[in-house]
Each structure stands twice: as structure tokens, then as C-alpha cells.
Amino acid sequence: MPDRFEAVQDALLCGACGGQQRYDPASKGLICDHCGARSDIIDDHYLDARREMAYDPKKAEEPPAIDHAHLCQTCGGEVVFVGKAVSDRCPYCNGPVVLNAGHAHYIPSGLIPFAITQTEAMKQLHGWAASRVGAPNDLLEKVEQGDIAAVYAPFWTFDADKTVSYSARKRVHRGKKTYWRNIKGVTGLMLDDQITAASDHVTPAIRDGIMHGFDPALLRPYLPEYLAGFAAELHGTNVSDGLGHMMQDLEPVVHEEIKRDAGSRSLHSIHYTSKLRDVRFRRVLLPLWILHYRYGDKAKRIVASGIDGKTFGERPFSKSKLVGYAFVLAVAVFALGGVLGIAASGG
Ligand SMILES: [Zn+2]
Ligand SMILES: [Zn+2]
């Protein structure tokens, strides 16, 4: 495997007309925008993409910087890759160009290809805007004027056995009196495919949204064919940083587990230490449709999962509608407390 990034275009050329092909979520193959020919993707090693790697802190290398200029094979134009971008279109002829990530410690172990087309994503995103309770009347109109972009965003998946040793104060009732008693305990969590964002651009809400559609059976190897025509961002942190973020994300879950183990909702002064064993991970890219729109002077975005179309986003509230909906919202926020509690404290 080469130890540097190389641009790939040969694999993306149309066998019928020599034009450039892109990944087509509808047919799960390549499609030529020039002549319309379709071809299948040869993906013999798809099982490798599901494999988890054992975590070794000594091998948690920093990601290398991408700094690659590629001369487009179709038109000779220069395509410059900077930052963490590995997939782009030639600015001169619009042909897809993908970098083959040669660094063994950096290449994604797998990705889930887009299954939702742009048309389907738009339908979901507009539907989301149209069904917001308490939203201003012109929200849908603003959203329809927005710009849509597709990106493969970087994530980690982790498996681990987590042992938690805790101390806390527990409320106990004896007759009509209440006491606070010091308690100690040890409990554990089995983590399976815990998803953690590997980019500052991925908010906890996006992570939670795409987490529901994640199924390791959908993973495919990092092949330029799957990326062609879509933007992609590689991991900006190493696996140790990813593990640290996962531990932070899990804090509310650990607190819940301690309460369960102690058999009480009324605990305070919870302190704990935890140990991870048998940590295994994957470095994956997951597909997102992102719609950017402006409301008033604020930039906002709505995101649809490229796996199943599940949509989540930022929206303004209408002040006049808010009064009437205040009660409904309070109930909804209460009902979502568990979910949002995790989202709010994550990362
Ligand atoms: Zn063609
Ligand atoms: Zn070009």
C-alpha cells in the first residue's frame, strides 16, 4: 500500500464512452452522467469492512496532513486537496476525483454508501420543515431556498467492556425519617458499536440521528467508486482522542447504570472511575445530506441521514405560535429528556 495519498480517476471512467462516472445511490453502482451507462462496483472484500481492529494506544498515530495536487485526467485542470477532504469534483470539468488514502493507520476501515438519493433527501428535509410544530409560516419557503450538500463524515465505532467503580450518597427512608447513606459498588457496561464523531463539524444531534441507522452489515470497504461525486472528510483525530470523546459521551449512560445498580433514583455526590478492556474499533465514514438555509440573519442547517433518510435539524420558533404550544413543547421536551440529556452533554 502506498504511503501517500494518490488521486484515482481511472477506476471511475465509463467503459462505454470514456466519460466520468459517479456513485448512484439508487442503483448502488456507477452511473455515467455523459451517456447514462451503468456499471456495478466490484467489491470482493466487503467483509473486511465489518472487521473491528484491536485498540493499541502505542499505534494511535496522528493523522497525516493531506496536501495533494492532482492534474485532472479528463481536462488537465488542477484539483487541490487540502484539510481533511479526500473526495471532490474537478472545478474545470466537474468530473469526480477521489484520493486513495494510502496511509494504513489512516484509511477508513469501511463506509456506508449513500442509499438515499438527493431527490429523496429533499423530500425528507422539506417534509421536516413543513411538519415543525410552532414554526413560523415561512419556514418551508426559506428551507426550499437552501443549498443541499452531501458528505461522507468521519466516525469511530467502539466495542469495549467497561468496569465502573463508584461511590455515592443514597437516600434511605426509615419510618418518617430520611437518611443519606454512603454507598460503594462496582458495575459494568458492555459497549457495542458505540458511535463517536471524528470531526468538529458533526454535532451530538447529528451523531444521535445517524446512530439509529447504523448497521455494521451495511459497511463496505473504502473504495473510490463509493465516494465518486460526493464530498468526504477523513478523521481529524487519532483513535485515542476518539476513545476519550466516547467516554465523555457516555457519562449520562454511566450515571444511569450506577442508579440502576444501586437500586435508587435518589443518589447524589456520585463519583466513579472506569476501566476499559478489550477495546475494538472501526474508522468509518457515514453518509449525510446537509441542507443549509438562512432564517432572518441566522445560518441554520437540517441534516438527513444518507442511510435511511431520518431527518434532524435546527429551526426557528415563531413567537406568536410559541405561547399556544408552550404546554405541548414542555411535555415533548420532558419526554425527550433522556435522549437530549445525552446529546447535550456529548462531545
Ligand atoms: Zn459513458
Ligand atoms: Zn477536469
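Please treat every number below as a calculation from the coordinates, not as lab data. Note that the structure is predicted; figures quoted are calculated from it, not measured. Reconstructed Cβ throughout: ideal geometry from the backbone, glycine too, with neighbour counts over all protein chains shown.
A few points about this structure:
- Computed about the Cα centre, the dipole magnitude for the chain is approximately 2520 debye when only Lys and Arg (+1) and Asp and Glu (-1) carry charge, each at its Cβ.
- Taking Lys and Arg as +1 and Asp and Glu as -1, the other residues whose beta-carbon sits under 15 Å from that of Leu291 total +4.
- Residues Asp40, Asp308 arranged by fewest to most Cβ contacts within 10 Å: Asp40, Asp308
- Taken about its Cα centre, the stretch 101-163 carries a charge dipole of roughly 80 debye when the Cβ of each Lys and Arg holds +1 and the Cβ of each Asp and Glu holds -1.
- The convex hull drawn around the Cα atoms of the stretch 240-297, when projected onto a plane and averaged over every direction, covers 8.4 nm².
- Farthest positive-ward along the stretch 6-345 dipole, Cα basis, beta-carbon charges - from Ser269, Ile107, Ser39: Ser269
- The trypsin sites (Lys or Arg not before Pro) of the stretch 201-294 that meet both conditions, a loop assignment by DSSP and at most 14 other Cβ atoms within 10 Å of the site Cβ, are Arg265.
- Net charge dipole size for the stretch 94-209 [Lys, Arg +1 and Asp, Glu -1 on Cβ; Debye, nearest 20]: 1620
- Packing-based exposure ordering (other Cβ within 10 Å, fewest first) of Thr187, Thr163, Thr273: Thr273, Thr163, Thr187
- Neighbour counts of C-beta atoms inside 10 Å place Val80, Val97 in the sequence Val80, Val97, starting with the fewest.
- For the chain, the Kirkwood estimate of hydrodynamic radius, built from reciprocal distances between every pair of different alpha carbons, is 22.7 Å.
- Euclidean distance of C-alpha centroids, the stretch 23-64 and the stretch 191-262, integer Å: 18
- Tail fraction, Cα-Cα pairs, the stretch 56-177, threshold 24 Å, whole percent: 61
- Considering only Ala150, Ile183, Thr163, the residue lying farthest towards the positive end of the dipole of the stretch 139-187 is Ile183, judged by Cα position with unit charges set on Cβ.
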